[in-house]
Amino acid sequence: MSLGKNKKIALIAGVAVLVAAGVVAGSIIGKTQRSIDPSGAYTSADTGSAQAETASGEPEDIITLKTFTRKYCTSTPWVVGEKKGFFEKNGIRIEYIGEVPDPQQLPAVLNGSADIGGDLPHALALHVKEGAEIKAVTLNMVDPAPDVDPKFRHMRFVVAADSPIQTLEDIKTYKEGEKILSNSLPPSCNDFVLDIIFDKYGLDRSRIEYVYYESDLAALQALDQGNLDIATIHPPFYYLAEESGYRLIADSADSGLGAAAGTTLYYFTNRFIEENPEAVQRFVTAIKEAQEWANANEDEAIRLTGDYIGSEIRAVHYYYTGSGFPQELLEPWLNYLVEKGSLQEGEITLDDISTTQFQ
């Protein structure tokens, strides 16, 4: 089975490099005249407010917000928001500007090509440290509780069917004196969770060398080609990995981090928040409603997501349905940066990367 073209890209670290690498592409993206909705169809898209009619026939202001087309694991709330009417109900229209590679997403938000971004707590902290004026406005994913089906956990770590790694314990004697290759573009959930798992199981995290692959599918193909030792994948691709014979050696629950192992955030620029508080509030309300619906209607959420990304899937991510930014969900990510020497203790706080204005 062909899993797609392997696109190995040099590791890029730090927001300064991200901005430099992505500013041209972000500018091009900003000129897009058409958008892609979650059905995959192209639709005309105008930026700003539009007029729509309510069921009573009265005109109502609709606020348009721009974001990336998400043809991967984080698409579920967006698909649900569209298909189940949560965006429409809250008076917003989402303009999808096209798929944007991870290194170019922050630049696209900073230059206004997109309004809404999504990232991890430690990535947001590093971006803010480097001068990006952005803030998280609500939480996206979390890892589910132990009594929830494991297929909804944030990530899995798999090896090739013929790998000598049968369990995490085998890593201690695997390729002694050599680097162990895994897919990530730090700062990412991939390297954060795998590093924590290595610590917990007495493995040497310094042996891991992270290499960027554009997708989970490309990482799986790299296992087949011997270019990776451990691949990190996310829920929409669990079924494909199982069917293709890859061996599961761990998942995000093995980190011992609980719900924090899956924490992700939605963010806007500080300027956008200041100038468009009503738009942000409508988005936060709508996306939280969509996430709550996805958790409560998992079978249909899975079907809608699979139809959208064009793949047979058996699970999606698990989503946060509470309020605010619980300290226990974000602090482990910031503490990780302090341990690595990327931040000083207290240099970046939860208040620096998030606002409870819309909770």
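Every number in this text was worked out from the coordinates using simple rules, so none of it is lab data. Keep in mind the model is a prediction, meaning the values are calculated, not measured. Here the Cβ is made from the backbone with ideal geometry for all residues, glycine too, and neighbour counts use every protein chain on show.
Within the bounds of region 83-96, is there any residue that is without any contact (Cβ under 8 Å) to a residue 60 or more places away in the chain and not charged (D, E, K, R)? Break it down into steps so the answer makes sense when it comes.
Restricting attention to region 83-96, the residues satisfying the condition of being without any contact (Cβ under 8 Å) to a residue 60 or more places away in the chain are 85, 88, 93-94.
Still in the running and not charged (D, E, K, R): 85, 94.
Scanning region 83-96 turns up at least one residue that is without any contact (Cβ under 8 Å) to a residue 60 or more places away in the chain and not charged (D, E, K, R).
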ask   = When V100 is evaluated against the numbered criteria (1) in contact with a helix residue (DSSP H, G or I) (Cβ under 7 Å, 6 or more places away or on another chain); (2) farther than 30 Å from L228 by Cα; (3) surrounded by fewer than 24 Cβ atoms within 10 Å (Cβ to Cβ), which criterion, by number, is the only one it fails?
value = (2)
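For region 66-137, list the helices (runs of 4 or more DSSP H) that sit wholly inside it and hold at least 1 residues that are within 16 Å of the chain's Cα centre (by Cα); which are they?
Values: elements: 76-83, 86-89, 102-110, 121-129.
Ranges flagged: 76-83, 102-110, 121-129.
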task = Say whether the condition of being surrounded by fewer than 19 Cβ atoms within 10 Å (Cβ to Cβ), of a type in the set (D, E) and over 30 Å from S113 (Cβ atoms) is met by at least one residue in region 243-255.
result = yes
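Being aromatic (F, W, Y) and surrounded by fewer than 23 Cβ atoms within 10 Å (Cβ to Cβ) is the filter; apply it to region 208-232 and report the residue that is nearest to T167 (Cα to Cα).
Filtering region 208-232 down to residues aromatic (F, W, Y) leaves 210, 212-213.
Still in the list and also surrounded by fewer than 23 Cβ atoms within 10 Å (Cβ to Cβ): 210, 212.
Working: Y210: 20, Y212: 24 Å.
The selected residue is Y210.
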ask   = Quick one: would you say V193 is over 24 Å from E312 (Cβ atoms), in a helix (DSSP H, G or I) and not acidic (D, E)?
value = yes
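Look through S182, S163 and report the one residue that is among the hydroxyl-bearing types (S, T, Y) and buried (at least 20 other Cβ atoms within 10 Å of the Cβ). Write out each step before concluding.
Working: S163 fails: buried (at least 20 other Cβ atoms within 10 Å of the Cβ).
Answer to the check: S182.
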